[in-house]
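The values are calculated or read from the model by the stated rules, or taken from the named source; none is laboratory data. Worth saying up front: this structure is predicted, and the values here are computed from it rather than measured. Here Cβ is always computed from backbone atoms with ideal geometry, including for glycine, and neighbour counts include all displayed protein chains. Heads up: the accessible areas ignore ligands, DNA and RNA and are worked out on the full protein's heavy atoms, side chains in. Shrake-Rupley method; radii C 1.70, N 1.55, O 1.52, S 1.80 Å.
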Amino acid sequence: MSFKTNDVILFQGDSITDWGRNYEDASSLGVGYALMVGSRLGHMFPEKNLTFFNRGIGGNRAVDLQERWDKDCLELKPTWVSIYIGINDTWRCMDSGEETTPEQFEASYRDLIERTRKSLDAKLVLIEPFVLPVPEDRKGWRTDLDPKIHIVRELAREYGALLVPLDGLFAAASVKAESSFWAPDGVHPSPAGHALIADAWLRTVGVIS
């Protein structure tokens, strides 16, 4: 896929997308993978006048994206919509017993896609959530998270969206360096982890190999 002149790229999600963005500055991309992707694409395609928005909010689950989708997605009229959500749907289950069933997660995620397709002619990039086994208790999260990862993959297939397969990529990276190097708490990426996400995103959209 190629970017067109004046394309608008929106990054949506939770704290991993948010990552220090300034809520008072509508153009702030934070200091994580969204900034890394935007910086690379701006450098690679200066003639295309690309615009980037980050509307990630820490702690968000899929249902939270539903509640703010009109304002924080559709009204921005993006031509690319990147969605990275799911780990908090598992985290809230593990730390406070607030379960999001696979069926609820799929319904919320499907609603985001359907509303986007109905209102916009936008390309979709779905980023699957990941978890690494640090600390030890994160291993127990897989029972809840794995079905949600598979839902993201199936929705990408069904809707012809691009898929960024992070769970496998972080597992493979953990062969090169211990898991805590990539995500100290198993969830929130280190700077190297954010670079991994950025490169995976750019490979998925076809601008790097």
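Between E99 and S2, the simple spin-label model (points 7 angstrom out along Cα→Cβ) gives 5.0 nm. Placing +1 on the Cβ of every Lys and Arg and -1 on the Cβ of every Asp and Glu, with no other charges, gives segment 26-123 a dipole of roughly 520 debye about its Cα centre. Over segment 28-155, the ratio between the Cα radius of gyration and 2.2 N^0.38 Å evaluates to 1.14.
Largest first, the extents of the alpha carbon coordinates of segment 126-209 on the three principal axes equal 36, 29, 18 Å. Entry comment: accessible area of the chain is 44 Å² per residue, from protein heavy atoms only and a probe of 1.4 Å.
For the chain, the share of accessible area belonging to carbon and sulfur comes to 52 percent (1.4 Å probe, ligands and nucleic acids excluded). Excluding the site residues themselves, the longest part of the chain lacking any GluC sites (Glu not before Pro) in a DSSP loop with at most 16 other Cβ atoms within 10 Å is 100-177. The amide H of L163, built 1.01 Å from its N in the peptide plane, has L126 as neighbours under 5 Å, considering only residues 5 or more places off or on other chains.
Identify all aspartates and glutamates with a Cα-Cα distance to K118 below 15 Å; exclude those on the same chain that are fewer than 8 residues away in sequence. The qualifying aspartates and glutamates are D70, E75. Remark on F53: its backbone amide H falls under 5 Å from those of I9, L10, F11, a criterion applied only to residues 5 or more positions apart or on other chains, H modelled at 1.01 Å from N. In terms of overall dimensions, the C-alpha atoms belonging to segment 121-171 reach 43, 17, 14 Å along their principal axes, ordered largest to smallest. By the combined test of axial Cα extent (at least 24 Å) and Kyte-Doolittle hydropathy (mean at least 1.0), none of the DSSP H helices of the chain qualifies.
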